[in-house]
Each structure stands twice: as structure tokens, then as C-alpha cells.
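Okay, structure first, notes after.
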Amino acid sequence: MSEHYFSENPHSKSSPKTWNCLLREKTYHFTSDAGVFSKNTVDFGTRLLIEQFDYPQVSGDLLDLGCGYGPIGMTLADGAPERHVLLADINERAVELAKKNAEKNGVHNVEVVQSDGFADLDGRQFAAVLINPPIRAGKKLIYRMFEDAEKALLSGGALWIVIQKKQGAPSAEEKLQALFGNVETVAKSKGYYILRAVKV
């Protein structure tokens, strides 16, 4: 079976790459690697989700699920130092990179953990969950992430996702509507959709 970035222990040879990126009016320094989603740059979908995100009215922690090397959770933690932000990924290499990137950028209100979805998050609850879903993992796994996110959200909290139209944005929208009873298309750009559903 070919290795994906949602593999627990990537076996591809490490070849790290570091670059600078301007997000929410601040420059960050990121390192990514082979076997981790988006090795060379902050991909367009991730960037769009970061730029469009609004902090929830409800107080509480934020969760970046499937954090990769950490750009979403780290940037949003930096923008809200009063919040605690949890970054979680099944990929061991991604978790180590996210820890190093947070340290390198001086972002301290983060916690980075290895977890298969919500399996190792100990029933914690969140004011917002953000997901750039691993499309190649399949719809069944992605929809389970949505369902688990709905359970883990505090009342008034929101699930934010970024997904391309050609990779199933319309069906994801239907799934969120069925789960939450509401879904909003916050932004559309270059075939990417930012969807937000609020737990009421």
C-alpha cells in the first residue's frame, strides 16, 4: 500500500524544507518534510482557512485536527494568546514538526499530540474545531471526523473545514447540514470552499 500523509509512521526518507510565510499580517517560519501534507509551502486551502477564520464567541480551547506541520493551529494560537490551542495528528513526523514550528515561532499557548482523530483526546471539548480533511483517506473517515467534531464542540462552538468543490464540497455541505442543522459557506476561492457549522 502506498504511504499517505495520514500514515502513523511515515517511512519516506526525511528531506526537510523551511520557508517564510505571511499569514494574518505576520511572517512565520515553517519547516515541513516528506511524508507530511504540503511539504514545500502553505497550501492555498490552508491559507484560505487561516485567513477566513473568526474566533468563536464562546470561550474555550481550539482544536486543529490533522494539524500536519502546524500552520493553522499555530497561527490562530498566536492571534489569541488567551486561548489554549490543541494540535493533533496521527502522523508522528507531523507532530514533531508542529512542536518545533511552534517553538521556533515563539508560540507557547499550544499543545501538540499524536492522535488518530479524536481517539486520544480524552473526551475534551472545544470552542472551535478546524479541519483540512485528508481527502485521500476517503469519505467514510472524513465524515467520522465531522461526527466526532460535532460531539466534541461546546454549545455555540463551530466546526470549520476547507474542501475543494471537485473533492466533495457539496456532499460535505449536505453532511454538515444533516449533523448540525446549519452550515454556512464562509468563502469560495479557486474551487475551495470554507464551510462553518455551529453547534446549537
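Report the relative contact order of the stretch 43-198, percent, no decimals, based on alpha-carbon pairs under 8 angstrom and at least 6 residues apart.
On the way: 298 pairs, mean separation 35.3, N = 156.
Result for the stretch 43-198 is 23 percent.
If R₀ is 35 angstrom, what is the calculated FRET efficiency for the pair E96 and Y55, using the beta carbon separation as r and rounding to 0.05?
On the way: r = 28 Å, r/R0 = 0.79.
Computed FRET efficiency for E96 and Y55: 0.80.
Remind me, what semi-axes does the stretch 1-142 give for its equivalent ellipsoid, largest first in whole Å, using sqrt of 5 times each Cα gyration tensor eigenvalue? If you can, show how the numbers build up before the last one.
Numbers: eigenvalues 95, 68, 37 Å².
Value: 22, 18, 14 Å, ordered largest first.
Modelled label-to-label distance, A80 and D120, 7 Å Cα→beta-carbon offset: nm?
2.5
Please give the FRET efficiency for S12 paired with V200, using the beta carbon to beta carbon distance and R0 = 45 Å, rounded to the nearest 0.05. Don't jump to the answer; show the numbers that get you there.
Numbers: r = 43 Å, r/R0 = 0.95.
Using R0 = 45 Å, I get an efficiency of 0.60.
The chain: longest stretch without exposed GluC sites (Glu not before Pro) (DSSP loop, at most 13 other Cβ within 10 Å), sites themselves excluded? Could you put the intermediate results ahead of the total?
Values: sites that count: E3, E8, E25, E82.
The longest such stretch corresponds to 83-200.
Let me spell out the model: positive unit charges on the Cβ of Lys and Arg, negative unit charges on the Cβ of Asp and Glu, origin at the Cα centre of the chain. What dipole size does that give, in debye rounded to 20?
Values: 24 positive and 25 negative charges, 141 e Å.
Here the size comes out at about 680 debye.
Lysines near K39 by alpha-carbon distance under 27 Å, same-chain residues fewer than 8 away left out - which ones?
K13, K17, K26, K99, K100, K104, K139, K140, K165, K166, K188, K190
Find the Cα radius of gyration of the stretch 64-191, compare it with 2.2 N^0.38 Å by division, and give the number to two decimals.
Working: Rg = 14.4 Å, N = 128, 2.2 N^0.38 = 13.9 Å.
In units of the 2.2 N^0.38 Å rule of thumb, it is 1.04.
If you keep only loop residues by DSSP, which trypsin sites (Lys or Arg not before Pro) in the stretch 120-191 have at most 15 other Cβ atoms within 10 Å of their Cβ? Could the numbers behind the result be given before it?
Values: sites: R124, R136, K139, K140, R144, K151, K165, K166, K175, K188, K190; in loops: R124, K190.
Sparse-neighbourhood loop trypsin sites (Lys or Arg not before Pro): R124, K190.
For a label point 7 Å from the Cα of K104 along Cα→C-beta, name the residues of the stretch 54-78 whose backbone N is under 13 Å from it.
Correct set: 69-71.
Based on the Kirkwood radius over alpha-carbon pairs, what is the Stokes-Einstein translational diffusion coefficient of the stretch 30-107 at 10 °C with 1.306 mPa s viscosity, in µm²/s? Display every interim value, and only then the final one.
On the way: Rh = 12.7 Å.
Result for D is 125 µm²/s.
Rounded to the nearest 5, what % of the DSSP beta bridges within the stretch 43-198 are antiparallel ones?
Values: 12 of 30 bridges.
Percentage antiparallel, nearest 5: 40.
Kindly list the residues of the stretch 121-136 that lie in the label zone of F44, defined by a backbone N under 20 Å from the point 7 Å along the Cα-to-C-beta vector.
Label zone hits: 131-136.
Give me F118, F44 sorted ascending by neighbouring Cβ count inside 10 Å, so fewest comes first. Mind showing how you got there, number by number?
On the way: F118 20, F44 15.
Least crowded to most crowded, the residues run F44, F118.
Evaluate the charge dipole of the stretch 111-195 about its Cα centre and quote only its size in Debye, nearest 20, assuming +1 on the Cβ of each Lys and Arg and -1 on the Cβ of each Asp and Glu.
Working: 11 positive and 10 negative charges, 109 e Å.
Magnitude of the dipole: close to 520 debye.
Each value in this text was obtained by applying a stated rule to the coordinates, not by laboratory testing. Everything numeric here is computed off the predicted structure, so don't read it as measured data. For neighbour counting, all protein chains shown are included, and Cβ atoms are generated from backbone atoms with ideal geometry for every residue, glycine included.
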